[in-house]
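Let me begin by presenting the structure, written as structure tokens, before commenting on it.
The values are calculated or read from the model by the stated rules, or taken from the named source; none is laboratory data. Quantities reported herein were computed from a predicted structural model and do not represent experimental measurements. Methodologically, a virtual Cβ is constructed for each residue, glycine included, from the backbone with ideal geometry; neighbour enumeration extends over all protein chains shown. Ligands, DNA and RNA are excluded from the accessible area calculation, which covers all protein heavy atoms including side chains. Shrake-Rupley method; radii C 1.70, N 1.55, O 1.52, S 1.80 Å.
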Amino acid sequence: MSFPDGFLWGSATAAHQIEGNNLASDFWALEHVANSRFAEPSGDACDHYRLFRQDIALMAELGLNSFRFTIEWARVEPEDGFHSAAAIAHYRDVLEACHAAGVVPVVTLHHFSSPNWLMKLGSWEYAGTPERFAAYCRTVMTELGDLIPYVCTINEANIGRVIRRIIAGGGEGRRAPVEQAPVGLGDGPVEAPAARADEKVSGGQTIFLSAFTDEAFDVITRAHVAAREAIREVSPNSKVGITLALQDVQALPGGEKAADAVWAELFEDFLPAMAGDDFVGVQNYSRIRVGADGVAPLPEGAEVTQMGYEFYPEALGNVLRRAASAGLPMMVTENGIATDDDARRVEFIRLALDGVERCLADGVDVRGYLHWTTLDNFEWMHGFKPKFGLIAVDRATQRRTPKDSARYLGAIARRNALG
Ligand code: BGC
């Protein structure tokens, strides 16, 4: 295989899914309400908050040279306006461990979970959120920006659009159960809203995943732009981007117009907010096929992953070609498969990378491939059942066991890094 020098090879994670005990977050609260929709709470998760050194060392040992992880807003700012020096020092340790191991950190500043206090204000439908988010980003990047070469402001800024389509009946395509679930967040009460007098308080329990109104689109895109500006001011050497959930939207005969409309909702609508970014994070898991009547059912006999969508690794190359129209360098910030059969993961990676390589040969600007995900982890509403990890985790002992797929990806990384 031929990949450019400096290509990033690694895996991606999110704080809430691996760190454990993300106590001040909205997700933690919703996992613990009566009749919670979560299959189980995140608990200690993979205890990565404590075990990060060993996890980073293991990745480096496997041959990976990059690691995407979140600096968790709910830890850095557990109360509105209070920035925890201890949390920032922790993430400094994580970043330093990456650099010491020769692992390039790709930091995400928001990956679905937010501080609990933000939920009380109306979360990502609250007009004051962009300002709050940008202030948090400014703090993190002032303190840690010198150690952060790549920073993603918001993970899957367009996920609300995916969820909205699913709810509207426009296609189960990918992961319907997870993405629908956050919308009716259990019946139990979350603490009574305690907002400042000048704030608009949302009556509902909105979180990032249930924010899919036009108002939310406006809040999320403004938050990205405000964050980018703040980051540029305090850490001009960090490359900034957003990440988007990009399904390979394929038109069936007669469905061309409808398919174009889906792609516009997922991608083109975000272009104005992305103008001026340094890169775009492309996140892809499968395809959807769109006919005149909307999203078509999975093809007869399709291989289906644990998440209910089609095994279709060819989607990644297709999406990269299409997303190249933004004119920005691209980084694959997520691509993966939930399966207990690790041989299928190896095959998934092989076919996905084949697509990336063919893109590169055609001049498509791809800078890295970060597989989702490092460890078997907390898959949001589904709990720990779906297995997306390159590395298995025994949650009773927190023992890590790399799978063949981890060695497979690591060997490719190593071969290419050696040229
Ligand atoms: C999210 C991850 C999630 C993964 C697999 C992506 O949408 O960014 O947090 O675990 O998909 O479902």
Expressed per residue, the solvent accessible area of region 23-162 in Å² (1.4 Å probe) is about 30 Å²
Check: C-alpha center region 367-414 vs C-alpha center region 1-65, spacing in Å is 9 Å
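Give me the number: length gained by fully extending Thr401 to Ala57, i.e. 0.36 nm times residue separation minus the C-alpha to C-alpha distance, one decimal in nm.
Between Thr401 and Ala57, full extension yields an extra 122.5 nm.
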Residue-normalised 222 nm signal for the chain, counting each DSSP H run of n ≥ 4 as -39,500 (n - 2.57), nearest 500 deg cm²/dmol, is -11500 deg cm²/dmol
GNM on the chain, Cα springs under 10 Å; top mean-square fluctuation among Gly102, Gly254, Gly308 goes to Gly254
Per its Cα gyration tensor (rounded if a/c is under 1.5, else prolate when a/b beats b/c, else oblate), region 371-410 is best filed as oblate
Rounded to the nearest 10 Å², the 1.4 Å probe accessible area of Glu268 is 90 Å²
So, with points 7 Å from each Cα along the Cβ direction, the Ile167-Glu40 label distance in nm works out to 2.8 nm
With all protein chains in place and a 1.4 Å probe, Trp9 shows an accessible area in Å² (nearest 10) of 0 Å²
Heavy-atom accessible area of the chain with neighbours in place, 1.4 angstrom probe: carbon+sulfur share in percent works out to 51 percent
So the FRET efficiency between Asp293 and Ala127, C-beta based with R0 = 35 Å and rounded to 0.05, is 0.45
Residues whose modelled amide H sits under 5 Å from the amide H of Val249, counting only those 5 or more places away in sequence or on another chain, are Ile288
